[in-house]
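The values are calculated or read from the model by the stated rules, or taken from the named source; none is laboratory data. What you see is a predicted model, and the numbers here were worked out from it, not measured in a lab. Don't worry about glycine lacking a Cβ; one is built from the backbone with ideal geometry, like all the others, and counts go over all protein chains shown. Please note that ligands, DNA and RNA were not included when accessible areas were found on the heavy atoms of the full protein model with its side chains. Shrake-Rupley method; radii C 1.70, N 1.55, O 1.52, S 1.80 Å.
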Amino acid sequence: MTPTHRNRRDHYIPQGYLRGFIGPGNELAQKPLWVFDIPQQAWSQKSTREFAYRYGLYDYSAESPSDTIAADVSFAGLERHFPQVRDEISSDRFINWAIHKDFLFRFMDMMRVRSLLALDQMRQIAGAKRILEIEKVLEPFPDSSNRHRKPD
């Protein structure tokens, strides 16, 4: 597949999910998230926009199957709805969280499928498959069962 580059930041952890980790009193800060950089062994502050993304991570071609495009639309709907559910759950101190259980399972499945690990595994599987190209279609050999049939 030839990717369609949309030059967008594709977050492998949705920003609405990351906003749930902003500490109280830090909601209005320009960079409200504390992030630990493992290779640098250092903490820094970042905005949700600056963290957990890669450019073009979910790019797909115009010829992509419609289920790929449908999944993108479905995932966007889950991501848009998550902050509302998160706020509702936390506003009642998690007492009625179970009424959102089905949505939360769908959201976590979406996060699992769109994770870097899952994407790498899908690329490995796709790379291991053989793709054949038919160069020529031969006419059937005439025999008694198809002698009245015209060649395709």
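Here the spin labels are modelled as points 7 Å beyond Cα on the Cα-Cβ line, and at I95 and S115 they lie 3.4 nm apart. Say R0 is 25 Å: what FRET efficiency, to the nearest 0.05, do Y55 and M122 get from their beta-carbon distance? That pair, Y55 with M122, gives E of 0.85.
To the nearest 10, the accessible area of H100 is 30 Å² with a 1.4 Å probe. Each Lys or Arg adds one and each Asp or Glu subtracts one; over the other residues with Cβ under 14 Å from the Cβ of D120, this totals +4.
Using the Karplus relation 6.51 cos²θ - 1.76 cosθ + 1.60 with θ = phi - 60°, the per-residue 3J(HN,Hα) values for the stretch 75-81 come to 5, 4, x, 4, 5, 5, 7 Hz, with x marking Gly and Pro. Charge tally for Q30 (other residues, Cβ to Cβ under 12 Å; Lys, Arg +1; Asp, Glu -1): +1.
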